[in-house]
Amino acid sequence: MTWTVLSDNRTQNPSLQTEHGLSILLETEKHRILLDTGASDVFIRNAEVMGINLSTVDNVFISHGHSDNAGGLKHFMAINDKAKIIVSSGHQ
């Protein structure tokens, strides 16, 4: 499995934007899973800079309902309406 941080509050790459939020792309041989969507569309813009096509993500897992983890979901859904979205019923 490989994972790529798409958004976070820090980066070592000056080409990427930061925000108070988290989004990580997890990739296996069979699946592309987006863990959280950050607070905005920053994760999408960073993915474009990194050459990552988020329209091929097949599952989205939202770890909890805080805006810095789920705020970008509406932006994701505008570019990918096929991915299964799973929202944790845990800590809200």
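Summary table
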read-out: Max mean-square fluctuation residue, GNM over the chain, Cα-Cα springs under 10 Å, options K30, K82, K74; value: K30
read-out: Solvent-accessible area, 1.4 Å probe, carbon plus sulfur percent, for the chain; value: 53 percent
read-out: Share, in percent, of DSSP beta bridges within the chain that are antiparallel, nearest 5; value: 55 percent
read-out: Prolate/oblate/rounded label for the range 6-76 (Cα gyration tensor, a/c 1.5); value: oblate
read-out: For S40, distant residues with modelled amide H under 5 Å away; value: G72
read-out: Value of [θ]222 nm, deg cm²/dmol, for the chain, DSSP H segments ≥ 4, -39500 (n - 2.57) each, nearest 500; value: -5000 deg cm²/dmol
read-out: For the chain: accessible area per residue (Å², 1.4 Å); value: 59 Å²
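The values are calculated or read from the model by the stated rules, or taken from the named source; none is laboratory data. Given the structure is predicted, the values throughout are model-derived calculations rather than measurements. Note: accessible area is taken over every heavy atom of the protein model, side chains too, but ligands, DNA and RNA are not part of it. Shrake-Rupley method; radii C 1.70, N 1.55, O 1.52, S 1.80 Å.
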